[in-house]
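One structure is given below, encoded as structure tokens.
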Amino acid sequence: MRLRTYLPKTLFGRMLAIILVPMILVQVITVFVFYERHWNTVTRYMASSLASEISLLVDEIGAVPDNASIAIGAKKARHYFLFDVTYEPQAILTQTPTLHSPSFAEDIFTKSLENRLNYPWSLDVLRDDDWIYVDVQLGDGVLHVAAGKKRLFSSTSWTFLGWTISTSILLFFVALIFLRGQVRPIRRLAIAARQLGLGRTAGDFRLEGAKEIRLAGHAFQAMRHRIDRQINERTSMLAGVSHDLRTPLTRMRLNIALAAPSSDVAAIDQDIAEMEQMIEGYLSFARGEGAEAFTEARFDKIIRQIIESYAGAHPGRLRLIIPAGEFPSIEIRVQSIRRAIDNLIGNALRYAGSAEVRLKIVDDEMVLFIDDDGPGIDPAQYEEALKPFIRLESSRNKETGGTGLGLSIASDAILSHGGKMSLDTSPLGGLRIMVKLPI
């Protein structure tokens with residue numbers, strides 16, 4: 001079991017924990033030390049002092065007091081100890097059972113009375129909210145002593161607790177306000193980076209926050225502008241090259257159309273068609289799918305539609321496995337994804353006898369597996385196969401070798417959605433293509 005499983009997942013939560021955990025630990029230690037000092041030291045002194053004063057009063061009055069001794073003792077007790085003392089002659093002390101669990105202070109006070117009083121006595125702390133009553137059995141009556149509860153129970157503990165809790169709450173809200181201000185620009189930068197990674201428009205945003213955050217935001221915006229400029233320049237360059245090449249190709253096709261039919265003319269016409277196909281492939285790769293807008297769509301429905309389109313032409317060669325349940329909608333360029341997946345499935349059927357398509361959700365990603373039983377690709381060439389203009393066949397036959405852009409265009413479309421495409425060995429013996437798209 002790892003600790004990070006229980007840690008907050010967001011930067012805001014972790015920064016808040018970094019502030020709150022030490023603060024709470026300090027408060028807990030402070031409260032513990034305070035109570036240890038208060039209850040084990042101060043309360044003992046208070047209980048011992050109160051019990052000593054009551055014992056002194058009893059000794060002053062005597063075991064069999066007369067009226068004069070009681071009057072003098074009561075006057076001194078009221079003046080020096082703030083006790084309220086009365087004497088009940090001929091009374092017998094009755095012990096009342098304790099109906100509550102004694103507190104720490106009561107327990108210490110009880111032990112102090114037991115050590116100092118040599119007469120039977122009883123203690124009552126529930127009769128009044130402001131007074132403690134101690135009744136002592138003397139020779140011919142009961143001495144009633146009432147002392148203020150503040151002599152035994154201190155209110156400073158509750159004051160300290162209230163102050164500790166209130167300051168903790170105040171510090172929590174102050175930290176909350178400052179942390180929100182620091183995390184906001186980081187979150188804005190993260191959202192912009194995710195938008196760029198998903199191939200969506202990420203506009204400029206206000207640079208604020210700490211110096212390092214502003215520096216990172218400025219670097220991100222400069223990088224985004226540079227990427228946009230490079231994409232536009234690549235598209236413009238290949239569009240210009242395409243236009244320049246199409247002009248002589250058009251003239252060549254016109255001359256061939258006017259020429260007498262022959263085997264050489266047919267070969268040239270085939271070369272011209274192949275060059276036009278190559279040019280279209282280059283343009284498709286250069287343009288990408290940037291012009292298409294993102295829309296909410298069900299990826300599983302797109303897969304089903306593609307499979308249905310192959311069902312008539314390839315009966316029994318293609319198998320679809322999609323688990324039961326509702327798949328969430330995701331923001332994608334529908335036509336771009338459709339063309340990419342259609343291209344991958346078409347390649348699987350072109351080079352293999354049968355193929356299997358399986359879709360499932362893993363964590364926060366949709367994972368598509370396309371397996372075939374064909375000859376596959378050498379594992380050492382997996383990385384090369386996804387690069388543009390790389391043909392794994394030496395033949396120039398457009399039916400086999402092509403332009404080397406099929407997997408590259410599909411991979412580029414997946415990457416533009418923030419996903420990933422990878423190659424592996426299929427359990428069926430051929431090639432496995434794994435496509436991951438974020439939900």
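Here are the numbers for the structure shown:
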{"quantity": "Unique residue being surrounded by 12 or more Cβ atoms within 10 Å (Cβ to Cβ), in the same structural domain as Ile24 (by TED's automatic domain parsing) and under 52 Å from the mean Cα position of the chain (by Cα) when the list is Asp107, Asp124", "calculated": "Asp107"}
{"quantity": "Unique residue being surrounded by 13 or more Cβ atoms within 10 Å (Cβ to Cβ) and of a type outside the set (A, V, I, L, M) when the list is Thr164, Thr159", "calculated": "Thr164"}
{"quantity": "Only listed residue being hydrophobic (A, V, I, L, M, F, W, C), modelled with pLDDT of 80 or more, surrounded by fewer than 16 Cβ atoms within 10 Å (Cβ to Cβ) and not in a loop (DSSP other than H, G, I, E, B), chosen from Ala222, Ala216", "calculated": "Ala222"}
{"quantity": "In segment 177-194, the residues that are over 23 Å from Arg224 (Cβ atoms), touching a residue at least 12 places away in the same chain (Cβ under 8 Å) and exposed (fewer than 14 other Cβ atoms within 10 Å of the Cβ)", "calculated": "Arg180, Gly181"}
{"quantity": "Residues within segment 4-33 that are among the aromatic types (Phe, Trp, Tyr) and touching a residue at least 40 places away in the same chain (Cβ under 8 Å), tallied", "calculated": "1"}
{"quantity": "Among the residues listed as Phe294, Phe285, Phe327, the single one being in contact with a strand residue (DSSP E or B) (Cβ under 7 Å, 6 or more places away or on another chain), more than 15 Å from Val367 (Cα to Cα) and at pLDDT below 85", "calculated": "Phe294"}
{"quantity": "Ser103 modelled with pLDDT of 85 or more and under 21 Å from Arg116 (Cα atoms)", "calculated": "no"}
{"quantity": "Meets criteria (crowded, with 23+ Cβ neighbours inside 10 Å and more than 36 Å from the chain's Cα centre (by Cα)) for Ala348", "calculated": "yes"}
{"quantity": "Among the residues listed as Ile370, Ile361, the single one being in a strand (DSSP E or B) and either of a type in the set (Lys, Arg) or under 30 Å from the mean Cα position of the chain (by Cα) (or both)", "calculated": "Ile361"}
{"quantity": "Some residue of segment 302-322 being surrounded by 12 or more Cβ atoms within 10 Å (Cβ to Cβ), modelled with pLDDT of 85 or more, within 28 Å of the chain's Cα centre (by Cα) and within 14 Å of Ile370 (Cβ to Cβ)", "calculated": "no"}
{"quantity": "Residues of segment 242-275 classified as without any contact (Cβ under 8 Å) to a residue 12 or more places away in the chain and assigned to a helix (DSSP H, G or I), total", "calculated": "18"}
{"quantity": "From the options Pro89, Pro65, residue that is over 23 Å from Asn40 (Cα atoms) and surrounded by 16 or more Cβ atoms within 10 Å (Cβ to Cβ)", "calculated": "Pro65"}
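The values are calculated or read from the model by the stated rules, or taken from the named source; none is laboratory data. As the structure is a computational prediction, the values presented were derived from the model and not from experiment. Ideal geometry is used to build each Cβ from the backbone, glycine not excepted, and the neighbour counts take in all protein chains shown.
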